[in-house]
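Written below as structure tokens is the structure these notes are about.
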Amino acid sequence: MTGRDGGGSGRGNAGGGDTPSRFLRFAAPALVALVALALWQALVVAYDVPVYLVPSPLAVARTLVADRVLLGQSLAVTLSIALVALAIAVVLGTLIALLFVQSRWIEMSLFPYAVLLQVTPIVAIAPLIIIWVDDTRVALVLCAVVVAIFPIISNTTLGLRSVDPGLLNLFRMCRATRAQVLFRLRVPSALPYFFGGLRIASGLALIGAVVAEFVAGTGGQGAGLAYQILLAGIQLNIPRLFAALVLITLAGVALFAATVWLSGLALSRWHESEVTPAD
């Protein structure tokens, strides 16, 4: 009876212990954010900091409500550019990684150029892309693709190469074709690496879109959040500037959370990185 009771107690702790851990995963960062905002508000009020230098969180919140239509439209423009760029980066990056894994010679010949794209500052090549491409929106998407594509190429290529040698030998013993080895062994092995690259690329796509908007300086109805930041800085409307920054940050967090959810959806049933171990 003691053994059975002990086992039941262990299972109860495992099940009950999971709930606090999930709660703390969200509660702890939220508590830190609340403390930071309260400290920010208290310092601004205590030292009577002018709103054109550092606005209080309440002033930023009021601006978010007052300018919600303008900022919402700009957020939609920036997010649409980032999402289109991310989709293109995923498709192109995956195809390039599949090409690299076919031959070491192909990878050695072309991979340095992918690295070259990564290390070249986007602010240096964005003006050229904007000049060469007539459509400004297409130019902005291309700039964001250049920023976001390298993690997809690098991580997916690494995943396609990182297969179990024993399983690879087994496939060869069974005379599997190149396509069977690729789609039944290499691609499943590469999925965790791919989703790791996707998490990085989602943030980089948003950064690329914002930087490209800064360089292009596009205004009017199709202006993104970067233009609102520039305009708010010129007008010394610092609360709106902070509000736009808050929206960009929240958009980045939402993109990252979406990629984490997709990763869990794809890997939770079979891969150890997503499977919750039983205590």
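The values are calculated or read from the model by the stated rules, or taken from the named source; none is laboratory data. Since the model is a prediction, treat every value here as computed from it, not as a measurement. FYI the Cβ positions are ideal-geometry reconstructions off the backbone, even for glycines, and counts take in every protein chain you see. With ligands, DNA and RNA removed, areas are computed over all heavy atoms of the protein, side chains included. Shrake-Rupley method; radii C 1.70, N 1.55, O 1.52, S 1.80 Å.
Things worth noting here:
- Over the chain: helical MRE at 222 nm, DSSP H runs n ≥ 4 each giving -39500 (n - 2.57), nearest 500: -27500 deg cm²/dmol
- Sequence of Cys143, Cys174 from largest to smallest accessible area, 1.4 Å probe: Cys174, Cys143
- Mean Kyte hydropathy of 1.0 or more with a Cα span along the axis of at least 30 Å, helices from DSSP in the chain: 68-100, 136-161, 187-216, 238-267
- Relative intensity of the chain on a log10 scale, I(q)/I(0) at q = 0.08, 0.10 Å⁻¹, equals -0.50, -0.73, per a Debye sum over C-alpha point scatterers of equal strength in the absence of solvent.
- Residue-span extension gain [Phe183 to Ala42] - 0.36 nm each, minus C-alpha spacing: 45.0 nm
- From the largest down, the stretch 72-214 spans 56, 33, 21 angstrom on the principal axes of its Cα atoms.
- Spacing of the two label points (7 Å from each Cα toward its C-beta) at Gln118 and Leu99, in nm: 1.7
- Along the chain, the exposed loop sites are trypsin sites (Lys or Arg not before Pro) outside DSSP states H, G, I, E and B with at most 14 other Cβ atoms within 10 Å, and the longest stretch free of them is 1-174.
- With all protein chains modelled, accessible area of Phe23 [1.4 Å, Å²]: 140
- Projected onto its three principal axes, the C-alpha set of the stretch 64-119 covers 58, 21, 11 Å, listed from the longest axis down.
- Using a cutoff of 8 angstrom between alpha carbon atoms and counting only pairs six or more residues apart, the relative contact order for the chain works out to 25 percent.
- Placing dummy labels 7 Å off each Cα toward the beta-carbon, the span from Asp164 to Met108 is 3.0 nm.
- Longest to shortest principal axis, alpha-carbon extents of the stretch 16-74, angstrom: 49, 34, 12
- GNM on the chain, alpha-carbon springs under 10 angstrom: the most fluctuating residue among Gly252, Gly166, Gly264 is Gly166.
- Sites Ala176 and Thr249 - FRET efficiency at Förster radius 45 Å, r taken between beta-carbons, to 0.05: 0.45
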